[in-house]
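Q: Take this structure first; my questions come after.
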Amino acid sequence: QVQLVESGGGLVQPGGSLRLSCAASGSIASIASIYAMGWYRQAPGKQRELVARMTSGGTTMYADSVKGRFSISRDNAKNLVLLQMNSLKPEDTAVYYCNVQSAVPGRTYDSWGQGTQVTVSS
């Protein structure tokens, strides 16, 4: 299994920026099995939604609502995935979850962080 620890959430004014960080840990085999890392978010009363995702090959995808404002990156040496969030809007308020997708012989599985609150408010 992969363990994930997020940090970087908080309260920010509209138009401000935050950077979320997610550190992955586990056995060498579990870390090597990761093929994608990303961020999801869940606002009160809403379903969890994909925000941004990056594969091991570097392919990225973003939700339409964050394109041009958010940027995902990885530090493979440190097993980190980062989410730079700029021009934040009140509708970005949510709990943000780090997600890792792993592949082992015969199956794939997801690992999740505990979540970090992002609140955009004046």
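Q: Name the strands (runs of 3 or more DSSP E) wholly inside the stretch 1-104 in which the number of residues that are among the aromatic types (Phe, Trp, Tyr) is 1 or more.
A: Strands (runs of 3 or more DSSP E) meeting the threshold: 34-42, 60-62, 70-75, 94-104.
Q: Going residue by residue through the stretch 26-46, is there one that turns out to be surrounded by 14 or more Cβ atoms within 10 Å (Cβ to Cβ), among the aromatic types (Phe, Trp, Tyr) and either under 18 Å from GLY115 (Cα atoms) or touching an Asp or Glu at 6+ places or on another chain (Cβ under 9 Å) (or both)?
A: Yes, because at least one residue in the stretch 26-46 is surrounded by 14 or more Cβ atoms within 10 Å (Cβ to Cβ), among the aromatic types (Phe, Trp, Tyr) and either under 18 Å from GLY115 (Cα atoms) or touching an Asp or Glu at 6+ places or on another chain (Cβ under 9 Å) (or both).
Q: If you don't mind, there's one more thing I want to ask. Scan the stretch 80-108 and report the pairs whose first residue is within 17 Å of GLY15 (Cβ to Cβ) and whose second residue is among the hydrophobic types (A, V, I, L, M, F, W, C) and not in a strand (DSSP E or B), with Cβ atoms within less than 7 Å and a gap of 6+ or a chain change.
A: Final answer for the pair search is THR93/ALA43.
Q: Could you list all residues from the stretch 87-120 that are open to solvent by less than 60 Å² (accessible area, probe 1.4 Å) and either under 15 Å from GLY16 (Cα atoms) or of a type in the set (A, V, I, L, M, F, W, C) (or both)?
A: The answer is LEU88, ASP92, THR93, ALA94, VAL95, CYS98, VAL100, ALA103, VAL104, VAL118, THR119, VAL120.
Q: Take LEU11 and tell me if it is at pLDDT 95 or above, in contact with a Gly (Cβ under 7 Å, 6 or more places away or on another chain) and either within 18 Å of VAL118 (Cβ to Cβ) or surrounded by 12 or more Cβ atoms within 10 Å (Cβ to Cβ) (or both).
A: No, not satisfied.
The values are calculated or read from the model by the stated rules, or taken from the named source; none is laboratory data. Keep in mind it's a predicted model, so treat the numbers as computed, not measured. Cβ coordinates were reconstructed from backbone atoms using ideal geometry, including for glycine residues, and neighbour counts include every protein chain displayed. When the accessible area is computed, the model is the full protein with side chains, heavy atoms only, and any ligands, DNA or RNA have been set aside. Shrake-Rupley method; radii C 1.70, N 1.55, O 1.52, S 1.80 Å.
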